[in-house]
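The structure appears right after this line, and notes come after that.
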């Protein structure tokens, strides 16, 4: 039976109050992970919950103005009700526990009352279940994701990038990258059979681990987990970030792709550990992609709260143009370390494939870029 006007207004009041309560609680949780635990993976997981909570509101079919119109703070009898111990906290863990309870209860209320609007309550339900998981993780924090602050150069390796190489051996190329000082490698294999890709990823995992370097797997979350890679990079059409985190856990890096300022902001709000930003210049590996260029994207990336890697056709010849766009920005190391002001690297790192992979001397070419960026 449809709700009458008075019932509709009451339901909207409940939903508005609990949306506010849930958003406030998840912010408290996020700040605990960020400032108390200093754990970027857990902080980003909480940030992702905030983002998904906002998206879930869209499933209600209710405009913000309708929720605001239903709000009546002055007439709310609950504002004068105070539970036992509600105004007292004895420690940080009690703050965390109280706000998880607040968040979980609010999400359950949102599930139940959204049904009265004929909305799909599953979005709130999924956020609630992931909240339970996050609560368990914060109670016994796992290891932190690897740091990126000293790794402004990401080198992409793979069979598609080996065209033009004298010896198209991906593992050998990665070994030369490491010899040249590269400490962040991404394996990009779009079409390689799963078993072959996993075998290659495991070889690279052992190679990078022995060199104190990081390995990221492009797209393939299953391969990244099976090979115990340091993280995964997701494109716009790949698995949602929350699903990747569910599979990999909060100790691994999850990077996202952004081709515009809007996509960059969205990637940041969804809890990415880093963002690949492009396309900077015409790329031989992706010639059909529209070139946005550094003039617009680099300043936006420099204002991002997580590390960003400029990507797309970057070479010795155009690196200065990219760095000029980053001149005067917050150093790369500062953002990677959440503002700890320890470095002088320009505000955006770079991700390179062909310029290094097809160079006559891969190690020397890697070393040249490392010197320019550190």
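All of the numbers you see were taken from the coordinates with simple rules; none came from a lab. Here the structure is a predicted model, which means the values were calculated and not measured. With ideal geometry, Cβ positions are generated from the backbone for all residues, glycine too; neighbour counts draw on all protein chains shown.
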What distance in nm separates the simple spin-label points at residue 324 and residue 269, each placed 7 Å from Cα in the Cβ direction? 3.4 nm
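Run the numbers for residue 237 and residue 59: contour at 0.36 nm per residue of separation, minus the present Cα-Cα distance, in nm. Don't skip to the answer; put the middle values down first.
Working: separation 178, 0.36 × 178 = 64.08 nm, distance 2.11 nm.
Computed gain between residue 237 and residue 59 is 62.0 nm.
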Added length on full extension, which subtracts the Cα-Cα distance from 0.36 nm per residue, residue 35 to residue 95: 20.3 nm
Quick one: Debye curve from the C-alpha atoms of the chain, no solvent, what's log10 I(q)/I(0) at q = 0.07, 0.14, 0.15 Å⁻¹? -0.37, -1.14, -1.25
Can you tell me the mean projection area, over all orientations, of the convex hull of the range 5-139's alpha carbons? Units nm², please. 8.5 nm²
For a quick check: sort 88, 125, 30 by the number of other beta carbons within 10 angstrom, fewest at the front. 88, 125, 30
